[in-house]
Amino acid sequence: MPDPHHPLRPQVPPLSAPELLALDRQHVWHPYGPMPGRQEPLVVASASGVRLRLAAPAHGREELVDGMSSWWSAIHGYRHPVLDEAVREQLGRMSHVMFGGLTHEPAVRLAAKLVEITPAGLEHVFLSDSGSVAVEVAVKMCLQHWRSVGRPGKTRLLTWRGGYHGDTWQPMAVCDPDGGMHELWSGALPRQVFADEPPAGFDAPVDPAYADHLRTLIAAHAHELAAVIVEPVVQGAGGMRYHAPGYLRVLRELCDEYEVLLVLDEIATGFGRTGALFAADHAGITPDVMCVGKALTGGYLSMAATLCTPKVADGISRGEVPVLAHGPTFMGNPLAASVALASIELLLGQDWAQEVKRIEAGLREGLAPASALPGVRDVRVLGAIGVVQLDHPVDMAAATAAAVREGAWLRPFRDLIYTMPPFVTPDGDVARICRAVVAAAREG
Ligand SMILES: *Cc1c(COP(=O)(O)O)cnc(C)c1O
């Protein structure tokens, strides 16, 4: 057993909540935040199951049911005994070794598992440390593939509007160019090709006019396009919109016809969230390249993966530089790989699809009252994702406070109050999250 009181371990007195918040404000950037911070974050002391335990009560609540799964990732909730054990076991062997010239069982088994469960034909796996990097690697794979096969002019990307692919440079260039978080950089980013937003609605029939729009754009730019990159079925942080899986089949056919690679960014949708294990499964297609992240480690550690087909890998291997020149320091991190493997096995070892359906039913029922509220434009549920869209920008402080008073943690953005709870959320807690969303919609 590790000794928690190792003589070399400094004994640091815990910070009081006010001390912590003062230091936080003074020194610590938060996502998409100003410096110093304007809104006071809640201090989380611990988390377990689907509950976050606060260091100090907020609006009378010491515990909040987590409606966000820590941004799509904590699908099994917090401190899951199986996942805790996987990390502890791996810690007893090694937390990290470099991946250049060395390999190890957790990374190899994880890669093989990903190949097994993702759409047939994806055979090769590049492990990296975050979703944005996985997208960078996907783009690099595609550009390098074309360069290697003698078509170096194919360097641009096509996507549809309303997307989100991360915050590093290439991903930013394919995020929604208007009104999104990266609009500021539109003059500095590589200029990509944008199609209109895909028509809304998971169940809507494929609109032939929109399919034609995609065809026209892809045909016109095929000579310079390395890849089409989209989020399949659910566009997440770009606007929480759903579209029909049929558009993915349209893209697959067009990409084949015009010799463009298809990249699916499943970083938010992967591992069951939309009701299929991967959103591509709704359409029954295999992309040339696929990115996963977020729920990959069950929310425990930062890891992502980029998978590709032998066609993409062979193209790269035939080039003048026959290697993929990418190698993050923490590539294949054994702790993250171990917990990822445990998380996938935990997911597949249960009737996860039934659990997602159960949450979907709870969200449909619990969010229905929001439709009747003034200022609500749309209420939509797909899999374990529930969205209330307002007709005005949400008042973050008021909406968050309303949710906390109901005992749930939500993080609205733009005109959206949304939830994607852990799959283990019991019905009563799903109902509580829904009450919080409705309250936030009323007061935000
Ligand atoms: C979150 C997200 C990313 C970026 O992942 P990070 O781990 O935050 O870098 C990329 N694509 C999609 C679809 C995402 O939801």
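The values are calculated or read from the model by the stated rules, or taken from the named source; none is laboratory data. Values in this document were obtained by computation on a predicted structure and should not be read as measured data. With ideal geometry, Cβ positions are generated from the backbone for all residues, glycine too; neighbour counts draw on all protein chains shown. Protein only, heavy atoms only, side chains kept; ligands, DNA and RNA dropped before computing areas. Shrake-Rupley method; radii C 1.70, N 1.55, O 1.52, S 1.80 Å.
Between residue 378 and residue 178, what FRET efficiency follows from the Cβ-Cβ distance if R0 is 22 Å, with the result rounded to 0.05? Display every interim value, and only then the final one.
Details: r = 19 Å, r/R0 = 0.87.
The calculated FRET efficiency here is 0.70.
Under the simplified labelling scheme, the residue 350-residue 62 pair shows an inter-label distance of 2.6 nm, with each label point 7 Å from Cα along Cα→Cβ. For the chain, set up a GNM with springs between Cα atoms under 10 Å and report which of 127, 184, 114 has the largest fluctuation. In this elastic network of the chain, the residue with the biggest mean-square fluctuation among 127, 184, 114 is 184. Basic side chains Lys and Arg get +1 at the Cβ, acidic Asp and Glu get -1 at the Cβ, and with that the dipole of region 372-444 about its Cα centre reaches some 40 debye.
Given the DSSP H assignment, sum -39500 (n - 2.57) over each helix run of at least 4 residues in the chain and divide by its residue total; what's the result at 222 nm in deg cm²/dmol, nearest 500? Write down the numbers at each step before the final one.
Numbers: 14 runs with 159 residues, N = 444.
Per the formula, -11000 deg cm²/dmol.
When the Gaussian network model of the chain links Cα atoms closer than 10 Å, the mean-square fluctuations of 253, 123, 320 top out at 320. Using a Gaussian network model of the chain with C-alpha springs under 10 Å, which one of 82, 289, 139 is most mobile by mean-square fluctuation? Answer for the Gaussian network model of the chain: 82.
Residues 339, 43 ordered from highest to lowest accessible area at a 1.4 Å probe: 43, 339.
When 136, 266 are compared by accessible area of protein heavy atoms, the largest-first order is 136, 266, using a 1.4 Å probe.
Rounded, prolate or oblate: which fits region 172-321, taking a ≥ b ≥ c as square roots of the Cα gyration tensor eigenvalues, rounded meaning a/c under 1.5, else prolate when a/b beats b/c? Let's see the in-between values first.
Values: a/c = 1.16, a/b = 1.03, b/c = 1.13.
It comes out rounded by the Cα gyration axes.
Between residue 91 and residue 223, the modelled labels are 5.9 nm apart [label points 7 Å from Cα along Cα→Cβ]. Candidate cross-link partners of residue 113 among the aspartates and glutamates, defined by an alpha-carbon separation under 17 Å and a same-chain spacing of 8 or more, comprise 105, 123, 266, 281, 345.
Show 42, 390 ordered by accessible area, largest first, where the area counts protein heavy atoms only and the probe is 1.4 Å.
Final ranking, largest accessible area leading: 42, 390.
Take the Cα radius of gyration of region 268-333 and divide it by 2.2 N^0.38 Å, N being the number of residues; the result is 1.34.
Report, as a whole number in µm² per second, the diffusion coefficient that Stokes-Einstein gives for the chain at 25 °C and 0.890 mPa s using the Kirkwood radius over alpha carbon pairs. Calculated translational D: 107 µm²/s. Seen through its C-alpha gyration tensor, with square-root eigenvalues sorted a ≥ b ≥ c, region 12-56 comes out oblate because a/c lies at 1.5 or above while a/b is not bigger than b/c. Compared with the direct C-alpha span, the chain from residue 79 to residue 249 gains 57.3 nm at full extension, assuming 0.36 nm per residue.
Taking a straight line from the alpha carbon of residue 140, these lysines sit under 22 Å away, with near neighbours fewer than eight places off in the same chain left out: 154, 294, 311. Fully extending the segment from residue 314 to residue 395, taken as 0.36 nm per residue of separation minus the present Cα-Cα distance, adds 24.1 nm.
Applying 1/(1 + (r/R0)^6) with R0 = 25 Å to the Cβ-Cβ distance of residue 188 and residue 35 gives a FRET efficiency near 0.75. About the centre of its Cα atoms, the chain shows a dipole size close to 440 debye [charges on the beta carbon of Lys, Arg (+1) and Asp, Glu (-1) only; nearest 20 debye].
Can you name the helices of the chain, as whole DSSP H runs, whose Cα span along the helix axis is 27 Å or more and whose Kyte-Doolittle mean is not below 1.0? The partial results should precede the final answer.
Details: long enough: none.
Helix filter hits for the chain: none.
Taking label points 7 Å from Cα along the Cα-to-Cβ direction, residue 9 and residue 105 give a separation of 2.6 nm.
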